[in-house]
Amino acid sequence: MQAVDEFARFKREGRKISIVTAYDAWSARLVARSDVDAILVGDSAAMVFHGQPTTLGATVELMAAHTRAVAGAANGKFVIADLPFLSFRKGVPAGMDAVGALVSSGAQAVKLEGVDGHEDVIRHIVQSGVPVMGHVGLTPQSVNKFGGFRVQGKTHDEAEHLVHQAHALEDLGCFAIVIECVPAELASRVTTELRIPTIGIGAGVDADGQVLVLTDLWGVDQRHVPRFVRRYFDGERVLTDALNQYNADVKSRVFPSPDESYS
Ligand code: KIV
């Protein structure tokens, strides 16, 4: 995908949308070479890239730096960047500064979590010509409110609230919404009710698309693998084996060979 209107077209045509995260140039280049539809510079960068326990430490400056690295290597693939914790909760001017930082770093769209209480910011971003992706369900920036990374929308009231939020995001002009960690049936209902595409993560197969964190997909860090992750590569083992082979070659003087040396 290269343009935002392709999201609507995919939904109209019943084609699934695939998105993965990227935070740096080398992985973005690999995603750009793949058939995956779009790249999300997620604030999960704080956890995956910077080793923090939550996404709360991500800042606008940090997200702008990751966005610049990814956008420079994305080769035209559609890049969405996350507005980090509280950046869109300080009113329209501060929110627009954050959007400006991400868009001038190369993002074609921004994603933000929730809707209640920041409808004005979302409306202003959309009216400013910047495509907005919503995010409901397990919104990680509210981890302290949820008491951990837990499945959301399990009770009737929670489910109705989530459906209401999804409609509100559509009405505000979002081009798509992420639905994270909710019962598959609830995501299916939202997907049927909305005209804009839903992008699921831990939300079952009926969402219009899926998003995964790249390092989860590649199996690079297997300390904690959520139920919804499918590992497509045993990255932790393969990459460690490569490092051990390099170490052995250095110690045994096999590396570098004459061909890998200058005369
Ligand atoms: O930050 C992120 O990676 C995300 C996805 C999990 C949707 O928001």
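Beyond 30 Å in Cα-Cα separation lie the following of the pairs Lys16/Lys154; Lys77/Lys154; Lys11/Lys154; Lys111/Lys145; Lys11/Lys145: Lys77/Lys154; Lys11/Lys145.
Using all C-alpha to C-alpha distances in segment 182-221, build P(r) with 5 Å bins and read off the rounded percent in each one. Bin by bin from 0 Å, the calculated values are 6, 27, 25, 18, 12, 8, 4, 1. Averaging the Cα positions of each part gives two centres, and for segment 146-191 and segment 94-117 these lie 21 Å apart.
Taken over the chain, the alpha-carbon convex hull comes to 143 cubic angstrom per residue.
For segment 202-251, with all protein chains in place and a probe radius of 1.4 Å, 54% of the accessible heavy-atom surface sits on carbon or sulfur. Within segment 116-263, the ratio Rg/Rh, alpha carbon atoms throughout and Rh by Kirkwood, equals 1.21. Here each label is just a point 7 Å from Cα along the line to Cβ, and for Arg231 and Asn247 those points are 2.0 nm apart. Please determine, in degrees from 0 to 90 and to the nearest 10, the orientation of helix 60-73 with respect to the longest principal axis defined by the Cα atoms of the chain, where the helix direction is its Cα long axis. Taking Cα atoms only, the helix is inclined about 60 degrees. Dividing the summed -39500 (n - 2.57) terms of all DSSP H runs of n ≥ 4 by the residue count of the chain sets its mean residue ellipticity at 222 nm at -12000 deg cm²/dmol. Across segment 20-146, the volume of the C-alpha convex hull divided among the residues equals 96 Å³ per residue.
The translational diffusion coefficient of segment 1-90, from Stokes-Einstein at 4 °C and 1.567 mPa s with a Kirkwood hydrodynamic radius over alpha carbon pairs, comes to 95 µm²/s.
Probe radius 1.4 Å, ligands and nucleic acids ignored: give me the carbon and sulfur share of the accessible area of segment 34-162 as a rounded percent. Carbon plus sulfur share of accessible area: 53 percent.
The residues of the chain expose on average 51 square angstrom of accessible surface per residue, using a 1.4 Å probe on protein heavy atoms.
Here the extension length gained between Val254 and Gln222 equals 8.4 nm, from 0.36 nm per residue of separation less the Cα-Cα distance. When you filter the trypsin sites (Lys or Arg not before Pro) in segment 210-263 for DSSP loop state and at most 14 other Cβ atoms inside 10 Å of their Cβ, you are left with Arg223, Arg227, Arg230, Arg253.
The values are calculated or read from the model by the stated rules, or taken from the named source; none is laboratory data. Nothing here was measured: the structure is a model prediction, and the numbers come from that model. Every residue, glycine as well, gets a Cβ built from its backbone with ideal geometry; the counts of neighbours run over all protein chains shown. These accessible areas exclude ligands, DNA and RNA; they are computed on the full protein's heavy atoms, side chains included. Shrake-Rupley method; radii C 1.70, N 1.55, O 1.52, S 1.80 Å.
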